[in-house]
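Read-outs throughout are calculated quantities, based only on the coordinates presented, and are distinct from any laboratory measurement. Computed from a prediction, not measured in an experiment: that's the story for all the values here. Cβ: placed from backbone, ideal geometry, glycine included. Neighbour counts: every protein chain shown.
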Amino acid sequence: MVPNFVLFIIKENIPKAALSYIDELSDQHMLLLRASNKHELRLVHETKNMIISAEMKLKASIMRKESRCSHYLLDYPEMDNEKWRVWINIYKDNDGNMQFEKQAFNSWPNGNKLIS
């Protein structure tokens, strides 16, 4: 977690540019990772997990069109409680693709479907 006193001030195009780099890492470089022992295998898995984690965070950040907590978007400087007082849930669909959905703060997920 990011400490409360850290503030990220960004424009929407910055996470989009970072996502392009992550896509390149995932599509081109992740396939080249190799291990010759158990220690290196752990590092390969950690690297893959960092790439996937960065992709999730960047896509969720791009999805949210407001400023909230430590993330201040110059393109969307106000909080929008009507549309964005939600959690963003990230899951894999049946084909293994990353999916994103909003979940209201006062509801609980039921599998991939939300209930109130």
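Descriptive notes on the structure:
- Ranking Trp108, Ala54, Asn97 by how far each Cα lies toward the positive end of the dipole of the chain (charges on Cβ) leaves Trp108 at the top.
- Dipole of the range 1-92 [Lys/Arg +1, Asp/Glu -1 at C-beta], most positive-end residue of Pro15, Leu73, His29: His29
- Percentage relative contact order, the range 1-76, counting C-alpha pairs under 8 Å, at least six apart: 56 percent
- Magnitude of the charge dipole, the chain, Cβ model with Lys/Arg +1 and Asp/Glu -1, debye to 20: 300 debye
- Each pair of Cα atoms in the chain enters the Kirkwood radius, and Stokes-Einstein at 25 °C and 0.890 mPa s then converts it into a translational diffusion coefficient of 150 µm²/s.
- Its DSSP H runs of at least 4 residues, each contributing -39,500 (n - 2.57), put the calculated 222 nm mean residue ellipticity of the chain at -11500 deg cm²/dmol, to the nearest 500.
- The calculated FRET efficiency for Lys83 paired with Ser36, based on their beta-carbon distance and R0 = 35 Å, is about 0.10.
- Largest mean-square fluctuation among Ala17, Ala60, Ala35, in a Gaussian network model of the chain whose springs join Cα atoms under 10 Å apart, belongs to Ala35.
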